[in-house]
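First the structure, in the form of structure tokens, and then the observations on it.
No lab work stands behind these numbers, since they all come straight from the coordinates. Quick caveat: nothing in here was measured; it's all calculated off a predicted structure. Glycine also receives a Cβ, built like all others from the backbone with ideal geometry; neighbour counts cover every protein chain displayed.
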Amino acid sequence: MLDVKTLSPVDIKNMSYNEIIGLVRETNRTPGGSKSVAYVTQMCGLKAGKTVLDIGTSTGITALELAMFSGCDVIGVDINENSLSEARSRAKKLGLDGLTKFINNDVTKLTFSDKTFDVVFCGNVTSLLDEPDKAFFEYARVLKDTGFLVAIPMYYVKQPSEELVKNVSKAIRVNIKPLNKDYWVKFFTRNVFERFIVKDFLFDYISDKDVNAFCDMILARPHLQEMSSEAFETLSRVYREYMLLFRDNLSIMGFSILILKKSDPEIEYELFTSHEI
Ligand SMILES: C[S@@+](CC[C@H](N)C(=O)[O-])C[C@H]1O[C@@H](n2cnc3c(N)ncnc32)[C@H](O)[C@@H]1O
């Protein structure tokens, strides 16, 4: 567990946004938050007895809501131990520690047997990985033949400036490639997967006032008051900068809830497909 009292301003400056999330115990939601989780729960027919793998679970809210909404068993995996430890303590507080487990596992080399899960939920994680293809084949491997793969990729709907892409890449320590929706639909609709559902959304624009009010609320958390005043000042500045940067970035982005199902070789694919109007 991270000891906040020992953190220096330099430690804070060197942290990626993912590490800051673990430090401030931010609720790191999948795009669309609870609304997306409820939709997926319904569309994938999740209920008690089903098992879900939540990829890049961070502080665990998606995994916890999947268990809460449906009574299914969920394993959340991540490589950030601070975020996992926050997820475990949230599960305990919510009385969901019987249905959820949070374990340290690299999604490009999962330690689960083949065909373990009814649903693999990968939110907006795959685009942030160094080896997205490797992760995709791991999702396919651990999914049961009757299973669903859920991905909620975010993508630009307007051309971002080079500076914006550079700043966001630096914040999350990932070299962002500005990819569009079609890229992600094609990325996931291959190998053993066929398209089941594609539902599109745009992010709302959040004002400076609302971003700052959110930052004030997060920074008032009791455990952060144990930091040295210099480290806390750095955290306040860095956290606000991150949130304003993400607001600017999300204002030109959208996301899609993609639900893919494993193809059954005995049943021919659907020729007369349709789309919502
Ligand atoms: C954007 S956050 C969480 C996304 C959120 N759960 C969602 O549904 O969109 C991405 C998370 O992936 C984790 N992560 C990055 N690389 C990983 C890897 N190779 N294996 C497991 N988790 C990884 C990070 O630590 C971080 O907590």
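Taking 17 Å as the straight-line reach from the Cα of LYS199, the aspartates and glutamates in range (excluding those fewer than 8 positions away in the same chain) are ASP182, GLU276. Taking amide H positions as modeled 1.01 Å from N, with prolines and chain starts lacking one, the residues under 5 Å from PHE102 and 5 or more places away or on another chain are GLY76. A cut-off under 11 angstrom between Cβ atoms defines the neighbours of LYS134, and their net charge, with Lys, Arg +1 and Asp, Glu -1, is -3. In this structure the amide hydrogen of ASN124, modeled in the peptide plane, comes within under 5 Å of the amide hydrogens of ILE152, none closer than 5 places in sequence on its chain.
Partners of LYS144 within straight-line reach, counting lysines whose Cα lies under 20 Å from its Cα and excluding those fewer than 8 residues away in the same chain: LYS47, LYS50, LYS101, LYS109, LYS115, LYS134, LYS261, LYS262.
Peptides 192-202, 142-152 ranked from most to least packed, by the mean per-residue count of other Cβ atoms within 10 Å: 142-152, 192-202.
Between segment 11-85 and segment 129-206, what is the separation of their alpha carbon centroids in Å? About 16 Å separates the Cα centre of segment 11-85 from the one of segment 129-206. Screening the chain for whole DSSP H helices of 27 Å or more along their axis (Cα) with average Kyte-Doolittle hydropathy at least -0.5 returns 229-250. Across segment 45-200, Cα-Cα distances exceeding 24 Å account for 36% of all pairs. Packing order of peptides 24-31, 125-132, 205-212, highest average first: 24-31, 125-132, 205-212 (average count of other Cβ atoms within 10 Å over each peptide's residues). Hey, what did the chain get for relative contact order, percent, Cα under 8 Å, at least 6 apart? RCO, the chain: 21 percent.
Residue by residue, segment 118-126 carries 3J(HN,Hα) couplings of 7, 9, 10, 10, 10, x, 10, 9, 4 Hz when phi is fed to the Karplus relation 6.51 cos²θ - 1.76 cosθ + 1.60 (θ = phi - 60°); x denotes Gly or Pro.
For segment 239-277, chymotrypsin sites (Phe, Trp or Tyr not before Pro) meeting the loop criterion (DSSP other than H, G, I, E, B) and having at most 16 other Cβ atoms within 10 Å: TYR269, PHE272.
P(r) tail, the chain: Cα-Cα pairs separated by more than 27 Å, 41% of all pairs.
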